[in-house]
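The values are calculated or read from the model by the stated rules, or taken from the named source; none is laboratory data. These figures come from a predicted structure and were not determined experimentally. We place every Cβ from the backbone using ideal geometry, glycine too, and count neighbours over all the protein chains shown.
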Amino acid sequence: MAASSIGTLGEKALHAIVKSYIEPDPANQEIKIGSFHVDCFDGSRIHEIQTRHFHKLNAKLAKFLPQYPVTVVYPMPARKWLLWIDPQTGLVSNPRLSPKRGNPHDIFRELYRIKAHLAHPNFSLLILLIDLEEYRLLNGWSDDRKKGSHRSDRLPLALESEL
């Protein structure tokens, strides 16, 4: 999988699984409306799954909010198990529970980036608190190669709650 691709060919596991949770029918996924592709569209409502970089939604929200209800879906880690991948050997470490916990307040920085659309009557937000495994490459700059490492993928384990 390509790390930065958009669409079904290069999307990360977390995005694909959340998309299938929101809209189980593949015929309603990755729909082109005008010049944009949306994650899910059932004919009346748009769902956009965004794990970060909310500012990239501004053009879509400006286009679609006057016409359709749009729900931005934000999967947030409730609990996270870290697994480290050695890029030279491919060996994966045993999972370790991260001390960091997801907090719905963490989303405020992202919401600020789309503040112009938050009060629109067709806008809604769905926060999914998810337990997940995060796979990271041991390719960082520190002695243990963890600081500055790159995230490879995140796999959801359980849905804790919807907010």
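Just a few scattered comments:
- Only one entry of HIS47, HIS55, HIS37 meets the criterion of being under 17 Å from the mean Cα position of the chain (by Cα) and either outside any strand (DSSP E or B) or of a type in the set (Val, Ile, Thr) (or both), and that entry is HIS55.
- Residue list for the range 108-153, restricted to those being basic (Lys, Arg), touching a residue at least 40 places away in the same chain (Cβ under 8 Å) and touching a Lys or Arg at 6+ places or on another chain (Cβ under 7 Å): ARG136
- Criterion violated by LEU125 - all others in (1) assigned to a strand (DSSP E or B); (2) at pLDDT below 90; (3) not polar (S, T, N, Q) satisfied: (2)
- Close contacts from the range 12-35, counting a first residue that is closer than 25 Å to GLU134 by Cβ and a second that is assigned to a helix (DSSP H, G or I) and basic (Lys, Arg), with Cβ to Cβ under 6 Å and a gap of 6+ residues or different chains, come to GLN29/LYS19.
- Of the candidates ASN58, ASN94, the single residue that is surrounded by fewer than 15 Cβ atoms within 10 Å (Cβ to Cβ), closer than 30 Å to ASP144 by Cβ and at pLDDT 95 or above is ASN94.
- Just one of the listed residues (VAL18, VAL38) is at pLDDT 95 or above, within 17 Å of LEU155 (Cβ to Cβ) and of a type in the set (A, V, I, L, M, F, W, C), namely VAL18.
- Evaluation of GLY102 against the conditions (1) in contact (Cβ under 8 Å) with a residue 12 or more places away in the chain; (2) not in a loop (DSSP other than H, G, I, E, B) shows that the sole unmet condition is (2).
- Residues within the range 91-118 that are closer than 12 Å to LEU61 by Cα and of a type in the set (Gly, Ala, Ser), tallied: 1
- Which listed residue, of TYR68, TYR112, TYR74, is buried (at least 18 other Cβ atoms within 10 Å of the Cβ) and aromatic (Phe, Trp, Tyr): TYR74
- Some residue of the range 132-141 being among the hydroxyl-bearing types (Ser, Thr, Tyr), out of contact with any strand residue (DSSP E or B) (no Cβ under 8 Å at 6 or more places or on another chain) and over 17 Å from HIS47 (Cα atoms): no
- Residue in the range 76-91 that is in a loop (DSSP other than H, G, I, E, B), touching a residue at least 60 places away in the same chain (Cβ under 8 Å) and of a type in the set (Lys, Arg) present: no
- Leading residue by the ranking (surrounded by the fewest Cβ atoms within 10 Å (Cβ to Cβ)) among those in the range 128-151 that are closer than 29 Å to PRO104 by Cα and among the basic types (Lys, Arg): LYS147
- Evaluation of ILE49 against (1) modelled with pLDDT under 95; (2) in contact with a helix residue (DSSP H, G or I) (Cβ under 9 Å, 6 or more places away or on another chain) (one fails), failing number: (1)
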